[in-house]
1. Specify the residue that is surrounded by the fewest Cβ atoms within 10 Å (Cβ to Cβ); the eligible residues are those in region 355-382 that are touching a Phe, Trp or Tyr at 6+ places or on another chain (Cβ under 7 Å) and among the aliphatic types (A, V, I, L, M).
2. From the residues in region 106-125 that are at pLDDT below 95 and buried (at least 17 other Cβ atoms within 10 Å of the Cβ), which one is farthest from Lys68 (Cα to Cα)?
3. Determine, yes or no, whether Asn16 is within 30 Å of Ile207 (Cα to Cα), touching a residue at least 60 places away in the same chain (Cβ under 8 Å), assigned to a loop (DSSP other than H, G, I, E, B) and of a type outside the set (A, V, I, L, M, F, W, C).
4. Being polar (S, T, N, Q) and touching a strand residue (DSSP E or B) at 6+ places or on another chain (Cβ under 8 Å) is the requirement here; does Thr174 meet it?
5. Quick check, is Ser241 of a type outside the set (Lys, Arg), in the same structural domain as Ile205 (by TED's automatic domain parsing), under 16 Å from Ser315 (Cβ atoms) and in contact with an Asp or Glu (Cβ under 8 Å, 6 or more places away or on another chain)?
6. Since Ile207 meets every condition but one in (1) surrounded by 23 or more Cβ atoms within 10 Å (Cβ to Cβ); (2) touching a residue at least 60 places away in the same chain (Cβ under 8 Å), which condition does it not meet?
7. State all residues of region 341-355 that are assigned to a loop (DSSP other than H, G, I, E, B) and within 26 Å of the chain's Cα centre (by Cα); if no residue qualifies, say none.
8. Here are some conditions: (1) in contact with a Ser or Thr (Cβ under 6 Å, 6 or more places away or on another chain); (2) without any contact (Cβ under 8 Å) to a residue 40 or more places away in the chain; (3) among the acidic types (Asp, Glu). Glu101 meets all but one. Which one does it not meet?
Amino acid sequence: MSFLKANAAFDDFFLNKTLRVDYFHGGNKDNEYYFLDEYKEEPFWGGSKVNLIDHFNYGNYMFKVFDKSSNTLIYSLGYSTLFTEWQSTDEAKKLSKSFTETIVLPYPKKTVRIEFYSRKNKAQTWNKKFELEVDPTSYFISHERKNQYNPFKVIDNGDPETKLDIVFIPDGYTREQMSDFKKDCERFAGYILNSAPYNEVKNQINIWGVEAPSEESGTDIPGDQIWKKTVANSTFYTFDSERYLMIYDTKTLRDLAANTPYDQIVILVNSDKYGGGGIYNDYATIAAKNSNADFVAIHEFGHSFAGLGDEYYTSDVAVEDFYPSNIEPWEPNLTTLVSFDKKWKSMLAPGTAIPTLVTEESKTKVGVFEGGGYVAKGVYRPMFDCTMKSIQYNNFCPVCKAAIKEMVKYYSK
C-alpha cells in the first residue's frame, strides 16, 4: 500500500464535489454490523484540498479511501456516532438496535475502495469492519436532491477550501420564524468567534446558515409527551437522558447541510429548555433559547469539532464504563495515565505532581486532576476547571485551547 503525499494534488484523485455514503450501523453491547444503504452525489466539497489524510487519530471510528488501481491511500477521517454511546448504555445489554449513519468524502475520479474501521475495545488499535468498492461513474449513485433550501452567509472570510466552514441548521423554527433564526445565527456566531481561542483565528472561519423551516415550532420532549413536526426531528431525552438533545435521522441532516459547502454541522433548536449534544465529526446540537446557550454552544462544538471529552463526573449520564481504566482515551483532554506521554505532559511545569492535588495554587495551573469522563476515579483532566467541566462560557483550559487551534489550522490549510 502506498500513501498520498501531504502536498499531492487534490485534482489528481478528486472532483470538487462530495460523495456521500449512507449506511446502517447496528448491533448490541458486544457486537457491531454495517449495512450499505445508498450512495449520493452532493454539489459542494467544503473541506481542505491539502489535508486529506487524518493525522489526529481521534474518534471511535475511521474510514479510509484507497485509489483502487494504485492502492494509494487518498483520504481518511476519524469520527464518532450515537451508536458508540448507545453501546455503553444499559439498553445495549438487552437488545440489538441499528442507527442511520453517513460519511462524506471528496468525489473520486476513479474507482475507490472505502474501508471502515472501529477501535478494538476502545483501544488505540483499529479493526476493519466493512469494505466497499465504489465506481464514481455508476448510475446507481443518486443525484436526487432532497431538502433543498436557500443558504446564506453569516460570516464570510473567503474561499471554503481554505477555511473552516460551519453550517447552522435550524430545527423547530417555522417559516414565520426564519428571521428569528437568522438573528440566532448571528448570536451564535458571536458566541463561538468571541470566545478563546476562536477569537485568535476567527479570520480562518466561515459560518453559513440554511433557511429550512419546520411545520411546527419547538422540538420533541418525550418525557413531557410533547411531539413536534420539525425539519431535522431533534429530540430531548436521547438514551433517556433529559438534557441530551440529539438527532437520529442523519440522512436528512446531511441533506440539509448539503445546501452549502461545510466541514462542521451545528443544529440550532428552537427551545428554551437546557440541553444539547456533540459527537466528533458528526454534528452538535444547541437549545438556542436557553439562558446558558452561550456555554452549551462552545461546549458541544468542542466535542463535535475538536474531539474534546467531557471533564465532569458528578452529573447523571446514560453511558456506563465509557473509559476503561486500562486504555488511554483518544480525546486530547482526558487521560488514564496509560499513555500520558502522548497527551499534555509537555505542558506541565517542572515539578508538577502526577496526579495533581487540588490546592489554591494548583487550581490555576495545568496539571493532572483526578475526575473526568463521567467518573470520579481513574480518569484525569488538565485543569481544575474548564468549559468542558462546568457551566462557564469562555473558560477553555490551555490544553483544550491548543487542541481547538490545531484543528482550525488543519481545516483552513
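1. Across region 355-382, the extreme among qualifying residues is Ala376.
2. Within region 106-125, the match that is farthest from Lys68 (Cα to Cα) is Lys122.
3. no
4. For Thr174, the condition - polar (S, T, N, Q) and touching a strand residue (DSSP E or B) at 6+ places or on another chain (Cβ under 8 Å) - is not met.
5. Taking the combined requirement at face value, the residue satisfies it.
6. (2)
7. The answer is Lys343, Trp344.
8. (2)
The values are calculated or read from the model by the stated rules, or taken from the named source; none is laboratory data. Bear in mind the structure is a predicted one, so any value in this text is a computation, not a measurement. When we count neighbours, we look across all protein chains shown, and the Cβ atoms used for this are built from the backbone with ideal geometry, even at glycine.
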